[in-house]
Structures are given as C-alpha cells and as structure tokens.
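Beneath this line is the structure, given in structure tokens, with notes to follow.
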Protein chains: 2
Amino acid sequence: MAQKPSIPKGTRDFGPQEMAERNYIFDTIRDVFRRHGYAQIETPSMEQLSTLLGKYGDEGDKLLYRILDSGDPFTRVDFGQYRLEDGSMNAKALSLQLCEKGLRYDLTVPFARFVVQHQNEIAFPFKRFQIQPVWRADRPQKGRYREFYQCDVDVIGSRSQLCELELIQIVDEVFSKLDVRVLVKVNNRKVLTGLAEICGFPDQVVDITVAIDKLDKIGLEAVEAEMREKGLSDQAVEVIRPVLLLSGTTAEKLATMRALMNGGSASGRVSETGLRGLDELEELFGFVAGAGIGTQVEIDLSLARGLNYYTGAIFEVKALDWQIGSICGGGRYDNLTGIFGLPDMSGVGVSFGADRIFDVLKGLEKFPEALASSTRLLFANMGAQEAGYVLPVASALRRAGVSVEIYPDAVKLKKQFDYADRKSIPFLSICGADEVAAGTVQIKNLSSGDQRSFAAGDLAGMIAFLG
Amino acid sequence: MAQKPSIPKGTRDFGPQEMAERNYIFDTIRDVFRRHGYAQIETPSMEQLSTLLGKYGDEGDKLLYRILDSGDPFTRVDFGQYRLEDGSMNAKALSLQLCEKGLRYDLTVPFARFVVQHQNEIAFPFKRFQIQPVWRADRPQKGRYREFYQCDVDVIGSRSQLCELELIQIVDEVFSKLDVRVLVKVNNRKVLTGLAEICGFPDQVVDITVAIDKLDKIGLEAVEAEMREKGLSDQAVEVIRPVLLLSGTTAEKLATMRALMNGGSASGRVSETGLRGLDELEELFGFVAGAGIGTQVEIDLSLARGLNYYTGAIFEVKALDWQIGSICGGGRYDNLTGIFGLPDMSGVGVSFGADRIFDVLKGLEKFPEALASSTRLLFANMGAQEAGYVLPVASALRRAGVSVEIYPDAVKLKKQFDYADRKSIPFLSICGADEVAAGTVQIKNLSSGDQRSFAAGDLAGMIAFLG
C-alpha cells in the first residue's frame, strides 16, 4: 500500500542544486577558519537532557526536542501522579521520566561541555569551529526551521583582544570571498555596565540597553520616555543623553565615552568597568586599523545581542545590500564552562547564520554559475560495444581529475541530450561505430557548438578542450 | 553548581585529530563520487514515524529513536487504556500516541522517500550520494554506536550493468586513494533464486544461501547436513554440490553455473531467472575487464547480504590486510520506491562504512601525517607592538593561501612553543624589537632547526621557505 510521503513540518530536503549552493557557503567558511588555525570538532546530536536543561531559559527548555527512552519507559511510571488539578498532565515532569536525552539546541553548550570533558587533551588557547545541525521545536515560519545548521567559531582560553580581531578578520575574509558587502557592529558589555553605573542604576543595564536599541526606530524623546518609565531618574537620563547623541569617528566616540566614564557625565561618577570596556574597544580598533581589514567596522553602543551572556565584546554583522536580520554575530563570554565545573575560561566566538547567508546570496545572485553539476563531460551511450570502447577513456580522464559520466542506457540521443541539459553538463561525446573503428573520440562543447575529434589516447588534447 | 558533564552512551565526541582523519575519509570518498557525476543531497534527521515504521522489520522498529511530540502530548492520552494484563504498558502503541517523528535509521528509506516526493524535479537516472549520521537504539559495544555516519552512493532509474560497473570503479578508486588493498565480492540474487529453483525448493532460497555462506567455516559435509535439516531432498543437495565445489576463473565459474541453470544439473531443471542473473554477471565482468580496474573483483555465490532486499547484483568489500567485517557493501533493488507509490524504479547502490574504514586506516597506519594541524606557521606573541607589526604579514600570507596563527597572549615563549608542538605546527616566527626595527621576519623550521630572515614584504620568499 502506497503512502504519500512527506517530511515533518519545519524540516527540509536539500536537492543537488541547493546542496551545491550550501556547500559553497560551508566550504568558503571552513576554508577561512582553517587558514586561521581553527580545528573542526563534532559533538553528538543527542546530549543528556541534564546538559541542556536550564541553559536556554524557560522558553528554551520548552523548545528542546526530547528523545523517548528506548525499550519500555512507561511501565515504571505512575501516570496518576502527574495529573494536575485542572485534569491536564504535568508535561514537564512527566517528560523527564520518559526521556533522558535531547537533541542539540545550539553548538555553544555542547562546546562548553566538550571543553570541560576533554580539558586534559586540549591545547589552550583552543581554537575550534563546528558546523552541525541543531533542532528547536519552534513554530515554523518563513526563514525559521526546526532543523538548521549552525556554523560556530570560537577561541577559548585567552583574554587577548587579538582573538576579537581575528573573528573580525574571519568575517571580513568570509564575506569578501562570498562577494557580499557587510557592516560589522561592535559593542562591549563592560561599557554598557559602566553606563548603568555612572547613571546610578547599575541593576538596570538591560532596561537601558533595550531602550537605547530603539533609538533609530522611535527617536530620542521616546527612548528617554521609556527609560523614565523603567524608573530612571532625570539625572540618569541626562547622563545617558550624550551616548544617544554619540557621533563622529571611532576615535571621537571612544574619547567622548572615556570622558563620560571618567567623571565627566552629569552624575560625575567614575566607572572602572566602563573604562576597562573602553580600553578593550580601543585596543581592538587599533588592531583593526593595523590589520588591513576591508570591511567597515564600527562601534554601536546600542548593540545588545545576548546581553545576559556576553561579558566583553559583542558583534553583529549585517549585509549592506540586502534587507535581512543579522547574518553573523557573537561575543565574549567569561564563564561559559563554569556551569560544567571549569571556571575562569574566557572565550569569544561568532556564529554564521547559514540560512540567512544563503538567502542573501540568492537575493543578490552571488552564487557562482554551474555549481550544481560537477560533471564536465557526458559520454553518450551508443550501445554496449561503444560503451566498452569509451570506458578506459572515461577512466583515464577521471584519473586526471575530470568529472566524467557515461550515460548508462543506450536510449534515444534526445533523452541523453536532455539529461546533459538538466544536469548542466557542458560537454558531450558521441562515439559511434565510426569513432570506434577510427580509434577517435568526438567531443562537443554544448554551449558554443564547437566540436573536435581526438585520438583515443590524446588525453592532454581532450583535457585542454574541456578547459 | 557544577555538573560533571557526560554524553549519552553509544555516542561520541570527535576532537580535532579524529575529525581531521574522518574528514580525510569523507573528502576522499566525496571527491570520487563527484568525479563520477554523483550529486549530494541531504534529508532531515527527523522523518515521520510512518515513513520509517515497518521498513526495517520488527527488530528495526524497536531500534528507532522516537521524538516526543512537543508541547503537552500527554493530556490527550488515556493511559489506563494502554495497561496490559500483566500490568506492564503497551509501549509500542503508547509511543505512537506520544511521538509522531523518529530519527533517521539509515539513508536508504529517506532516499526512497526523497525520490518519490521530488520525482518531478529529478533528472533520471538519478545519481546521488548522501553522507549523514543515522541513529539506532542498539546496545552499544566495541565498534557499534548509537549515532554513526553512513555514506551512500546510488543510481536510480536505470537497469544497465554500467551502473554496477561504476560502483565497482568507485570502490576501486576510493580504496586505491586511501591506499588500502581490498577484495570486491559480487553475487547476484537472481542466481541464488535460480539455484533454489533448479534444486526444487524455490521458497527456500534464504535457507540455502545461509547454509552455503558457512562453507568456509564448517566445511562441505556440515553445509549439506544443514540443508537436509532445512528439509532439502538428497537430489536438491546433489544439485547444489557443484556450486559448493565451484572454482576456477570467473569465466569458468560462469560457464559451470550456466550449464547447471540450463538443465545440466542432477534435476535437469532450467531456471530462466538464474540464466538472467548469469547474463548480468557476465556483462558486468566483461565491463570490469575492459575498464582497467586494479582491485581484485570476484564472484562469490555464498554472498547473501541483504537478501530480502536486493533483486540483482550483491556487493561486499573486504580489506585484504586488516581483519574486520565488510567495509562497504550494497546491491541492486528493483522496487525500493514502490512502498511510497512509485513502482518500477530500479536502483543500485553501495554504502561505505566510515567507522570501519577509519579502523582499517588506523590499524594499517595509512592516515597521512600532519592531518590534524592545518596551521603552517605560528607567529609568537612578543607584545602588543610586535603583534601589530606581524598582523599585516600574517594577513598577506593567509591571502596567499597559507594557514597562519598569531599566538594571542604575550606569555612565556616556552608556553608558545608548547602550543606549536601540541598542534604540530611546523614553522615558528619570533619577531621581537630587533625585527620590528629592521623590518624583517624571522622564520624557523621547528623540525630541521633551519632558520631564515626575510624582509617583511618578501612574501614569495617566506612562502617558498614554508613549502
């Protein structure tokens, strides 16, 4: 009985064309990572739920895919015990009884777990990259999938700003290879902390940053109104105003901020943390200037990405010529592995959003042509004897590195031409009885129509013609 | 509170060294696939359970990992209904209520589903390869994992023996690139069917093949005893005897078998199916002889791999110099997609066992040296100013394709040397105040001790020295 086949909502098949395009992105990224000395690792798709739970907030816990324990996990469970007063079941508690494993939700927590578990085998500073799928039971929508690849690069075990620089270099090189113009925005969590300190509301760094983040959309007055609503005093708002009006070159911005943090604000307060953040930014931008980076890199103090998580630099990358959210982002985290028992490991990393980068390359038509077909030459099949004749020629060409196919069936030439056309194979060879008798191989360039005949042993001639 | 981190039983982390070695295998295989015009696809890790169930037998159904439906799948279930008389729960029925998705168990069923679902987008014959992990809730043991990669290559939509040939060529090329001597064994399901037919027990093809398969281990008499035990008559055993004694060249084996199938056996019966199988083998071995294949390829009529599944050729590949089970295998299946509503699609494919191939390469010490470190040159960090001096040199080398690192922290040189050593980085550059003043770059070959000084702009010289 035939089933109509389908795949789960929010998941995707990738056919040859899309795979070739995705591989083009991954290969480009991987190549840049390697050129900077980052080594690839892979972690299991399934982690212990205890490794994952509590790491992504309550909302994240709900989005974890749980794997039903194999065998019979049911008989040992007293289901009545999980019935709540309203008659529904306590899904959270019950699923813990039935499932001890979950699917990877991101690559960061498994990386932290990996570093702690293998700390004695690792040469620190550890420069690693990881390209693997993650799973989230999110509601599927345009551009949001339940299975998608993440592409993370991190260095852990060094506090040097050279690490931050290197990530910016990597972003620069990746997008320059992909021929996509981007803007790299940089912020520093310590500066945001410092701002909250000098305005006298050190606990409200999130409120302050969320408000600042809306400046472009709602304007200065609305931002200040929102801050007052959150309980900030007039003086605090006055302290923050110069930050909202910040402009000029990077050096000018840094100088303005340094003056503010150093007692020059309306409150007169000094923030050591803020000054340290500015030192970091200044050192980083000094490196950026000296490293010959073609990409535009700018300070953006409203950048608040992953605020509860990062402790130093914060990065975000946007495409300049295509409207889409951030296509890459990350930052520095000072205590990622502490939760697994290894304190004081500072790391910094960014994650490339493969799906969005894919959309940008599609939108800007930046994929190289003829990615899909690796095949350069198709030998038409004119019968068993003729196929036998071309077999050693095809083998020799392959040994020389050329991708070659022999059409498997001796069907009508029209059908074989169609196959070459659908696979975008640029060269076709038709060797019939005449060629076999003469010991020659005919090759035709299907786009130019140019056709040539070679002695069957003239590999060099064929390879030159195939280009 | 620190958790002691661990991963689920039967799963693995792959660190830099192992990843590099695994990538070496995958890259080699992928490269050969592409050179034959096979295109890569990927399917989702999760499939509908309805797609997977019933495809791998009862045992397989039990080994499927099931994903708990997200949200609350419990409240809608009347658990009492699933209580069996012995007090245990009906795990099979209940899990279907709680889980609609399962993890991929192999790549073949998802491939069949893919072909049916995308049949209008596909150019047939469809030559595809797929390298992705699969999951099985099997009991973990040495060499058996719950998550492992499969590496499948198939062509679907052609009955030509050129497809079988191409798979043998691919095996030949892969293992010759990996420098592993292998033996390819070939059988044909139709010949086995024919044997069962001429001996008069057409329904006992499995019993007969299982018995023949033991010839090497238990000897002729024991095999014949087993066949009698399974109900075969004396005459049937007599019909099969010449097959057990089969020897000589491929041509001689084929001739002996052809005579038997053509009425020359003790029963005098003729098997059309058997003769068709021999025609296929003869055509295939004709192609093999003409294609210049270096690997030993031989007929083995005891090869019974996946008997319920294959309808034509059956393949198995063994390493000649390392004792381990089959490292690659496959065959032809005439109706793989029928179950999803697309009949008469004949396909043939093989699957490379990445984990076993890994073990063989380890055992025979066939991995190339220095796979792990992609980094060619480490610039020691002598301080912020010196780091700034080498930054543009490092960038220029990377642009020229050289993998380069700058050690991020200005720590003791001993520590930086250790880092180079642990990452097997072959060249080290120490640029201190003298080099900065002179505008030069010192590079040392850490294994030969050879050291040279270059002008900071002399990229060509450095690249030549780095090799």
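The values are calculated or read from the model by the stated rules, or taken from the named source; none is laboratory data. Note that the structure is predicted; figures quoted are calculated from it, not measured. For neighbour counting, all protein chains shown are included, and Cβ atoms are generated from backbone atoms with ideal geometry for every residue, glycine included. Areas reflect the complete protein model, heavy atoms only, side chains present, ligands, DNA and RNA absent. Shrake-Rupley method; radii C 1.70, N 1.55, O 1.52, S 1.80 Å.
A quick yes/no check of all residues on (1) surrounded by fewer than 18 Cβ atoms within 10 Å (Cβ to Cβ); (2) touching a helix residue (DSSP H, G or I) at 6+ places or on another chain (Cβ under 9 Å); (3) within 14 Å of another protein chain (Cβ to nearest Cβ):
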site	(1), (2), (3)
B:405	no, yes, yes
B:413	yes, no, no
B:422	yes, no, yes
B:430	no, yes, no
B:433	yes, yes, no
B:438	yes, no, no
B:441	no, yes, no
B:450	yes, yes, no
B:461	yes, no, no
Please pick out the residue among B:266, B:259, B:291, B:255 that is open to solvent by 20 Å² or more (accessible area, probe 1.4 Å) and at pLDDT below 95. B:266
Residue check: is residue A:210 open to solvent by 30 Å² or more (accessible area, probe 1.4 Å), touching a residue at least 40 places away in the same chain (Cβ under 8 Å) and away from chain B (no Cβ under 14 Å)? yes
Picking from A:128, A:144, the residue that is over 20 Å from residue B:4 (Cα atoms), in contact (Cβ under 8 Å) with a residue 12 or more places away in the chain and more than 9 Å from every other protein chain (Cβ to nearest Cβ) would be A:144
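Kindly check whether there is at least one residue in the range B:265-278 that is away from every other protein chain (no Cβ under 14 Å) and in contact with a Phe, Trp or Tyr (Cβ under 9 Å, 6 or more places away or on another chain).
No.
Within the range A:22-62, can you find the residues that are acidic (Asp, Glu) and open to solvent by less than 10 Å² (accessible area, probe 1.4 Å)?
Looking only at the range A:22-62, we keep the residues that are acidic (Asp, Glu), and these are A:27, A:31, A:42, A:47, A:58-59, A:61.
Hit for the range A:22-62 is A:47, nothing else.
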Scope the range A:294-327; condition open to solvent by 40 Å² or more (accessible area, probe 1.4 Å) and of a type in the set (Ser, Thr, Tyr); matching residues: A:309, A:311
Regarding residue B:12, is this residue at the interface with chain A (Cβ under 9 Å from one of its Cβ atoms), surrounded by fewer than 18 Cβ atoms within 10 Å (Cβ to Cβ) and within 22 Å of the chain's Cα centre (by Cα)? yes
Here are some conditions: (1) surrounded by fewer than 19 Cβ atoms within 10 Å (Cβ to Cβ); (2) more than 9 Å from every other protein chain (Cβ to nearest Cβ); (3) farther than 26 Å from residue A:137 by Cα. Residue B:88 meets all but one. Which one does it not meet? (2)
Of those in the range B:328-341 that are touching a strand residue (DSSP E or B) at 6+ places or on another chain (Cβ under 8 Å) and among the hydrophobic types (A, V, I, L, M, F, W, C), the residue most open to solvent (accessible area, probe 1.4 Å) is B:336
Of the conditions (1) out of contact with any Leu (no Cβ under 6 Å at 6 or more places or on another chain); (2) touching a residue at least 60 places away in the same chain (Cβ under 8 Å); (3) within 9 Å of chain B (Cβ to nearest Cβ), residue A:112 clears all except one; give me its number. (1)
Answer yes if at least one residue in the range A:348-368 is open to solvent by 10 Å² or more (accessible area, probe 1.4 Å), more than 25 Å from residue A:296 (Cβ to Cβ) and over 18 Å from the mean Cα position of the chain (by Cα), and no otherwise. no
Any residue at all in the range A:110-118 that's surrounded by fewer than 19 Cβ atoms within 10 Å (Cβ to Cβ) and at pLDDT below 95? no
Any residue at all in the range B:345-352 that's part of a strand (DSSP E or B) and within 12 Å of chain A (Cβ to nearest Cβ)? yes
Can you name the condition, by its number, that residue A:185 falls short on among (1) at the interface with another protein chain (Cβ under 9 Å from one of its Cβ atoms); (2) in contact with a Lys or Arg (Cβ under 9 Å, 6 or more places away or on another chain); (3) of a type outside the set (A, V, I, L, M)? (1)
Among the numbered criteria (1) closer than 18 Å to residue A:147 by Cα; (2) buried (at least 21 other Cβ atoms within 10 Å of the Cβ); (3) charged (D, E, K, R), which one does residue B:147 miss? (2)
Looking only at residues in the range B:379-395 that are open to solvent by less than 60 Å² (accessible area, probe 1.4 Å), more than 7 Å from chain A (Cβ to nearest Cβ) and aliphatic (A, V, I, L, M), which one is nearest to the chain's Cα centre (by Cα)? B:394
Does at least one position in the range A:66-83 carry a residue that is open to solvent by 10 Å² or more (accessible area, probe 1.4 Å), within 10 Å of chain B (Cβ to nearest Cβ), under 30 Å from residue B:378 (Cα atoms) and without any contact (Cβ under 8 Å) to a residue 60 or more places away in the chain? no
Among the listed residues A:376, A:398, which satisfies the condition of being in contact (Cβ under 8 Å) with a residue 24 or more places away in the chain, out of contact with any Gly (no Cβ under 6 Å at 6 or more places or on another chain) and either open to solvent by 10 Å² or more (accessible area, probe 1.4 Å) or over 18 Å from residue B:40 (Cα atoms) (or both)? A:376
